[in-house]
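The values are calculated or read from the model by the stated rules, or taken from the named source; none is laboratory data. Keep in mind that what you see is a predicted model, and the values were worked out from it rather than measured. Reconstructed Cβ throughout: ideal geometry from the backbone, glycine too, with neighbour counts over all protein chains shown. Just so you know, the surface numbers come from the protein's heavy atoms only, side chains and all, with ligands and any DNA or RNA stripped out. Shrake-Rupley method; radii C 1.70, N 1.55, O 1.52, S 1.80 Å.
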Amino acid sequence: GYYCPFGVKLACPTGTYCPRDGHWDPFPCPPGTFSAQLAIAKCPKCPRGFICPGFGRVAPTLCPPGSVCSKEGLRSPNFLCPAGFYCPSGTETVDPFRNDTTLRPYACSPGTYCLTGVGFKEVLAGNFKYAQPCTEGFYCESASNNPRGAGLCPIGFVCPQGTSAPRPAKKGFSAELRGTILEAECLPGTYAPTVESVVCYPCPPGTSCEAAGMAIASVCP
């Protein structure tokens, strides 16, 4: 724990270690270790959830967002955050279902998807360290790991960008195809009396549908 230049006994400073007697100079702590105390004979390993890059570390650094540091003595993260989840700073396990720690991956929100290496649940389109909005025409449940999420929007429903669950087409509108982004307004002469309509129906005899987007046919005067 000490070094002796010119016969003077000095405590090894922080970030260094002196492993045996008779040292002229202290050694810097190697990558993966650190030393926050004076007079250390051996640098302790970086704890889980931290990294110690470079030589002469005085203190460990939190595992960066989007990464996992699941072992001791790491100089860099040993895993990326799994797809469908985001990993805040200091994450120490790749298992999102462990209940004995809060330093684990968390499921990305419905309506978004997360590729590997995501560190933030907030949506920032084009920056893949953040969650991304679900692709239009598709819907994404919680922990979706790709832009198409749970699949195409079903018929009778619409799925604009960032959809978490398919939205029923409104009365007076229809959604005829899978993957519809915006429902179609019923043309004059047709109507859609219920939500989730796949097609607009012709107005029955004795009624009229003079305007577009009608949900109730008018009785002929």
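Shown here are the Rg and Dmax of the Cα trace of the stretch 45-173, at 18.0, 70 Å. Computed over the chain with a Gaussian network model linking Cα atoms closer than 10 Å, the most mobile of P19, P105, P53 is P19. Under a 5 Å amide H cut-off, with hydrogens placed 1.01 Å from N, T16 pairs with C29 among residues at least 5 apart or on other chains.
Distance between the 7 Å Cα→Cβ label points at V123 and K45: 4.2 nm. Candidate cross-link partners of K121 among the lysines, defined by an alpha-carbon separation under 18 Å and a same-chain spacing of 8 or more, comprise K129.
With charges set only on the Cβ (+1 for Lys and Arg, -1 for Asp and Glu), what does the dipole of the stretch 1-154 come to about its Cα centre, in debye to the nearest 20? Working shown, then result.
On the way: 13 positive and 9 negative charges, 78 e Å.
With Lys and Arg at +1 and Asp and Glu at -1, about 380 debye.
In order along the stretch 69-75, the Karplus-derived 3J(HN,Hα) couplings, from 6.51 cos²θ - 1.76 cosθ + 1.60 at θ = phi - 60°, round to 10, 9, 10, 7, x, 8, 9 Hz, and Gly and Pro are given as x. Note on Cα Rg over 2.2 N^0.38 Å: of the candidates (i) 1.09; (ii) 1.14; (iii) 1.80, the value calculated from this structure sits at (iii). Using a Cα-Cα cut-off of under 17 Å, which lysines could be cross-linked to K45, ignoring same-chain neighbours fewer than 8 residues away? The qualifying lysines are K71.
To the nearest 0.05, what FRET efficiency results for A212 and R148 with a Förster distance of 45 Å applied to their C-beta separation? Numbers along the way, then the final one.
Working: r = 32 Å, r/R0 = 0.72.
FRET efficiency, A212 to R148: 0.90.
Taking amide H positions as modeled 1.01 Å from N, with prolines and chain starts lacking one, the residues under 5 Å from V158 and 5 or more places away or on another chain are R167, A169.
Computed about its Cα centre, the charge dipole of the stretch 113-179 is approximately 120 debye, with only Lys, Arg, Asp and Glu carrying charge at their Cβ.
Only protein atoms count toward the accessible area here, which uses a 1.4 Å probe; on the chain, the carbon and sulfur part of that area reaches 59 percent. Couplings 3J(HN,Hα) for the stretch 146-161, derived from phi with the Karplus relation 6.51 cos²θ - 1.76 cosθ + 1.60 (θ = phi - 60°), are 8, x, 8, x, 7, x, 5, 4, x, 5, x, 10, 10, 9, x, 4 Hz, where x marks Gly and Pro.
With a 1.4 Å probe and all protein chains left in place, how much accessible area per residue does the chain have, in Å²?
Details: 12000 Å² over 221 residues.
Heavy-atom SASA per residue in the chain reads 54 Å².
For the stretch 57-201, build the charge dipole from Cβ charges (+1 Lys, Arg; -1 Asp, Glu) around the Cα centre, then report which of V123, P168, C140 sits farthest towards its positive end. After comparing all options, I get V123. Backbone geometry of the stretch 122-134 corresponds, through the Karplus equation with coefficients 6.51, -1.76 and 1.60 at θ = phi - 60°, to 3J(HN,Hα) couplings of 5, 8, 9, 4, x, 9, 7, 7, 10, 4, 10, x, 4 Hz, x marking Gly and Pro.
Applying a 4.7 Å Cβ-Cβ cutoff to the chain leaves C4, C220 as cysteine residues with no disulfide-compatible partner.
Projecting the Cα atoms of A107, Y86, P31 onto the charge dipole of the stretch 11-159 (Cβ charges, centred on the Cα centre) puts P31 farthest toward the positive pole. Using a ≥ b ≥ c from the Cα gyration tensor of the stretch 1-115 (square roots of the eigenvalues), is it rounded, prolate or oblate, where a/c under 1.5 gives rounded and otherwise the larger of a/b and b/c decides, a/b for prolate? Since a/c reaches 1.5 and a/b is larger than b/c, the shape of the stretch 1-115 is classed as prolate. Taking amide H atoms as placed 1.01 Å from N in the peptide plane, the amide H of Y2 lies under 5 Å from those of C12, each 5 or more residues away in sequence or on another chain.
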